[in-house]
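Take a look at the structure set out below.
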Amino acid sequence: METQKGQESPKREWSLRDFEIGKPLGKGKFGRVYVAREAKSKYIVALKVIFKEQIEKYKIQHQLRREMEIQTSLRHPNILRLYGWFHDDERIFLILEYAHGGELYGLLRKTNYLSEKQAATYILSLTQALAYCHEKNVIHRDIKPENLLLDHEGRLKIADFGWSVQSRSKRQTMCGTLDYLAPEMVENRPHDYAVDNWTLGILCYEFLYGIPPFEAESQTDTFKRIIKVDLSFPSEPQTSAEAKHLITRLLVKDSSKRLSLQRIMEHPWIVKNADPSGICK
Ligand SMILES: CCc1cccc(CC)c1NC(=O)n1cc2c(c1)/C(=N\C(=O)c1ccc(N3CCN(C)CC3)cc1)N=N2
């Protein structure tokens, strides 16, 4: 945590005794996430509890280690902080930034779809976070609405460790949904940074229409629609030509032809609609 003067607190050894545990935020295959309060500073965090026997069982120690090292090294306003971690005999505890606003997915479900200003603001935040990740050679953040949180001011936070912990409020199709995967991913071809540009196109469409563009009854049909880039825009709700232009320039099968992150930030729809502060009231 930052101390009052805002400089980093020294790397100290944390333990469960340092925290008062609150209500569970979600649960799943590897463990649960709770609200927690650090006893001395009263600082609110989210505590992700992962069971060691689950990690041994699924042989993912190194993946977890890599994800934790990446997450600890990332410092960006739109990426959820991992402050530190500790463990006891049977569990590993991740001390995470607490996002008071909950899941963006919840907001999307409640309002069906977002305004162009809100959608553009979140796409800009995601683009800036991804540009930062790509600078640090981190690709393929698993960005789908279920992995996006909102802080107390409504600022977007990418909250994934590439670590699927299923929580109650997640879509059933969540586990293994193909909706967000680029053609090169679903065709199991080598993928690079440009998969994230594709996913930004998917999310922009879903923010504006409330459903991902290639949604279909079965995974096989979604698969077919993705590799065909079978993209069409519903007549409702009305969206601007610029918004459709941006989506069309991202959902391109040839990954080298997708709009770059820099060009997304300069796109007329983003420049006109996004709130640079990342907060759109
Ligand atoms: C939930 C466990 C899980 C499974 C899979 C992936 C992820 C990453 C998003 C997670 N979450 C995770 O790691 N999380 C790390 C987190 C975190 C989750 C979180 N907050 C919440 O989950 C949350 C949810 C609802 C909330 N509401 C308050 C306002 N109300 C009106 C509505 C409810 C407020 C906060 N803060 N850091």
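Every number here is computed from the coordinates shown, using simple stated rules; none is lab data. Note that the coordinates shown come from a computational prediction; the quantities given were computed from them, not determined experimentally. We place every Cβ from the backbone using ideal geometry, glycine too, and count neighbours over all the protein chains shown.
Some observations on this one:
- Residue match in the stretch 48-58 (condition: within 15 Å of the ligand (Cβ to nearest atom), at negative phi and assigned to a helix (DSSP H, G or I)): yes
- Considering residues of the stretch 114-133 that are surrounded by fewer than 19 Cβ atoms within 10 Å (Cβ to Cβ) and not polar (S, T, N, Q) only, the residue nearest to the ligand (Cβ to nearest atom): Tyr132
Residues are listed down the side, and each one gets a yes or a no for (1) in contact with an Asp or Glu (Cβ under 8 Å, 6 or more places away or on another chain); (2) of a type in the set (A, V, I, L, M, F, W, C); (3) exposed (fewer than 11 other Cβ atoms within 10 Å of the Cβ):
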{"site": "Tyr34", "(1), (2), (3)": "no, no, no"}
{"site": "Ala39", "(1), (2), (3)": "yes, yes, no"}
{"site": "Tyr43", "(1), (2), (3)": "no, no, no"}
{"site": "Ala46", "(1), (2), (3)": "yes, yes, no"}
{"site": "Ile50", "(1), (2), (3)": "no, yes, no"}
{"site": "Gln54", "(1), (2), (3)": "no, no, no"}
{"site": "Ile60", "(1), (2), (3)": "no, yes, no"}
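- Checking the stated criteria, Tyr122 turns out to be assigned to a helix (DSSP H, G or I) and either among the hydrophobic types (A, V, I, L, M, F, W, C) or within 18 Å of the chain's Cα centre (by Cα) (or both).
- So Tyr205, is it assigned to a loop (DSSP other than H, G, I, E, B) and either without any contact (Cβ under 8 Å) to a residue 40 or more places away in the chain or crowded, with 17+ Cβ neighbours inside 10 Å (or both): no
- Contacts under 8 angstrom Cβ, first residue in the stretch 91-105 being touching a residue at least 12 places away in the same chain (Cβ under 8 Å) and closer than 18 Å to Pro77 by Cβ, partner within 6 Å of the ligand (Cβ to nearest atom) and among the β-branched types (Val, Ile, Thr), 6 or more apart: Leu96/Val33
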